[in-house]
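J.: Right, I'll just put the structure down here and ask away after.
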Amino acid sequence: MNLIDRVKNILLTPKTEWEVIKAESTSQKEIITGYVLPLAAVSAVCGFLGTLFVMWAFLGVSFLLFGVLAMVLRIVMAVASVFVVGFIIDALAPNFGGTKNPHQAFKVAAYSFTAAFVGGIFAIVPFIGWLIGLLVSLYGFYLLYLGLKQLMGSPDDKVVVYEVIVVIITIVVMAIANVIVGLASAPALMGGAMLRGSSGSAPVVANAKLEAFTKGVEAASRKMEAAGKSGDQNAQAAAALEVLGAAVSGGKKVDPLSVEEVKAFVPDKFAGLSKTSSAAERSGVSTLMVTTAKATYGDNAGKTVRLEVTDAGGAGAMVGIASWMGAVNMEREDDRGAERTRKDGNRIVHEKLSKTGGENEYTVVVADRFVVKTVGSGVDLATLKGGVSGMDLAKLESLKDVGVAKN
C-alpha cells in the first residue's frame, strides 16, 4: 500500500486499517524509509518554512543555518523516537494482558505517530498553525489506543492504563529529543560565535543516562507484572505510576526531602536583604513528588529578591535533562541582556543579566536533583551569586541520596 493510502486509511478508518497492518510482514527498514521518513520530512520542512516566514526578517542568514540544521535533526529524532517508543510498548505489553512482539510494537509506534506528522504540516501557517497541528496530533491518542488493543492484544480493562503509561514515557522521550535538537542546532543560530556546544563527554553521559532509563523501564515491567496478577485495576495503576516515576528519574525511585528539611536552606537574610514572606509545599503524585521552599526579601529602597529551593525528587529527570547530554556550555548576548549556562564542577549554573534595568537571575542545579533559583530586581548578578554562595550548598549536595530507593 502506498504512503498516501496508508495515511488516509489509518486516519479515517483506523480500526480496519490496524487489522491490515497487523497482518503485514513489512520490515522495520521498509516502514522507516517508506513511511516514517517521508512524513517526518514533510512535517519538519513545513515547520521550518512556517517559522522562516516570521524569523527571517529578524535573524536573516543566522536563522536559515539554524532552521536547516534543526529540521534535519528533528527528522533524525523522529525516527529514533519510533524505535524507543516501540521498545517501550513491547516491554510493557505482558503487564497489561498483551503479548510481547517487537515487530508489532514497532508498527504501533510508527503508525500512531501519523497524526503528529500530519499535524506538523499545519506548522507552515504562521502564528496559528501550531494550534491546529496540536489539535490534529491529539487524534494520535486514539490511534495508539486501537493499536495497543489490536496489535498487542491488550484487553479493554487494561488498555487505558497501558496507553497512559506509554504516552507519559513518550512525552519524556520527545522532551529529551527536543532538548537534543535545541542543544545541537543552537550554534548555527548564533553563527558559531557566541554559543558553544557541549564537551566531548556528552555521548558517554548520554549513553549512561539511556542505560539507566532502560533499566528503569525493565524494573517497571517486573513490578507491574506482579500487580497485574492481582486483577485489580487500581493496584495496576498505582504500580504503574510508581515504577514510571522510577523510570523517568533515571531508574531510581526518589522520595523528596520534607518541607522542614528544604525550608532549613532558606535563610532569614539573603544578599543583605531581610525576609518579607515565605512559603513551602510538598506536592505531586506517587513517585513524582516535589518539595519547594520559597522566600521573598526586600528593603525600603525598592530592592527585592525571590529565592526558591526545590528538591525535584522523583521528577529529577526534568531537572537533570540538561545533564542528559553531558556538560553544556551556552552563551547568548544582545542589546537587552546576556544569558549563560555552564557546568561548574558537577553543578549546572544558569545566569541571566538584564541591560535594561529588568530582573537578573542566578540558578544552580545541585546533584541533578536540587535547584536553587534567585531572581533579583534592583540587585545585580554578582550580589545574587554571592547570596547563593553564602548558602550551604555542600550540605544540600550531601543529601542527594536521601530518599533514594535501593535497587
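The values are calculated or read from the model by the stated rules, or taken from the named source; none is laboratory data. Quantities reported herein were computed from a predicted structural model and do not represent experimental measurements. Heads up, the Cβs are rebuilt from the backbone with ideal geometry, glycines too, and the neighbour counts pull from every protein chain shown.
J.: Among the candidates Ser230, Ser249, Ser258, single out the residue that is modelled with pLDDT of 90 or more, farther than 30 Å from Ser377 by Cβ and among the small types (Gly, Ala, Ser).
T.: On the way: Ser230 fails: modelled with pLDDT of 90 or more; Ser249 fails: modelled with pLDDT of 90 or more.
Result: Ser258 is the single residue among Ser230, Ser249, Ser258 that is modelled with pLDDT of 90 or more, farther than 30 Å from Ser377 by Cβ and among the small types (Gly, Ala, Ser).
J.: Only one of these conditions is not met by Thr99: (1) crowded, with 17+ Cβ neighbours inside 10 Å; (2) not in a helix (DSSP H, G or I). Which number is it?
T.: Evaluating Thr99 over (1) crowded, with 17+ Cβ neighbours inside 10 Å; (2) not in a helix (DSSP H, G or I) leaves (1) as the failure.
J.: Take the conditions closer than 27 Å to Lys8 by Cβ and in the same structural domain as Val160 (by TED's automatic domain parsing) and apply them to Phe87. Does it pass?
T.: Numbers: closer than 27 Å to Lys8 by Cβ: no; in the same structural domain as Val160 (by TED's automatic domain parsing): yes.
Answer is no for this residue.
J.: Which of the residues that make up the stretch 118-173 are assigned to a loop (DSSP other than H, G, I, E, B) and under 20 Å from the mean Cα position of the chain (by Cα)? Write out each step before concluding.
T.: Taking the stretch 118-173 and keeping what is assigned to a loop (DSSP other than H, G, I, E, B), we get 125-128, 138, 151-155.
Of everything in the stretch 118-173, just one residue is assigned to a loop (DSSP other than H, G, I, E, B) and under 20 Å from the mean Cα position of the chain (by Cα), namely Leu138.
J.: Please enumerate the residues belonging to the stretch 332-342 that are without any contact (Cβ under 8 Å) to a residue 24 or more places away in the chain, part of a strand (DSSP E or B) and not aliphatic (A, V, I, L, M). Write out each step before concluding.
T.: Residues of the stretch 332-342 without any contact (Cβ under 8 Å) to a residue 24 or more places away in the chain: 334-342.
Cutting the leftovers down to part of a strand (DSSP E or B) gives us 337-342.
Residues satisfying the conditions are Gly337, Glu339, Arg340, Thr341, Arg342.
J.: A further question follows. Given the conditions (1) small (Gly, Ala, Ser); (2) assigned by TED's automatic domain parsing to the domain that holds Val290; (3) buried (at least 18 other Cβ atoms within 10 Å of the Cβ), which single one is not true for Gly403?
T.: The number of the failed condition is (2).
J.: Do any residues in the stretch 151-162 that are closer than 20 Å to Glu19 by Cα have Cβ atoms under 9 Å from those of residues that are outside any helix (DSSP H, G or I) and among the charged types (D, E, K, R), where the two are at least six apart or on different chains, and which pairs are they?
T.: Every condition considered, the pairs that remain are Met152/Lys100.
J.: Additional query: Residues that are loosely packed, with under 15 Cβ neighbours inside 10 Å, modelled with pLDDT under 95 and either small (Gly, Ala, Ser) or not in a loop (DSSP other than H, G, I, E, B) (or both): does the stretch 362-385 have at least one?
T.: No.
J.: List the number of the failed condition for Ile124; all other conditions in (1) more than 11 Å from Ile89 (Cα to Cα); (2) surrounded by 19 or more Cβ atoms within 10 Å (Cβ to Cβ); (3) without any contact (Cβ under 8 Å) to a residue 40 or more places away in the chain hold.
T.: Looking at each condition in turn, Ile124 falls short on (3).
J.: Here are some conditions: (1) over 14 Å from Ala109 (Cα atoms); (2) at pLDDT 80 or above; (3) under 28 Å from the mean Cα position of the chain (by Cα). Leu52 meets all but one. Which one does it not meet?
T.: Exception for Leu52: condition (2).
J.: Out of the residues in the stretch 135-162 meeting the condition of being loosely packed, with under 14 Cβ neighbours inside 10 Å and aliphatic (A, V, I, L, M), tell me which one is modelled with the lowest pLDDT.
T.: Leu135
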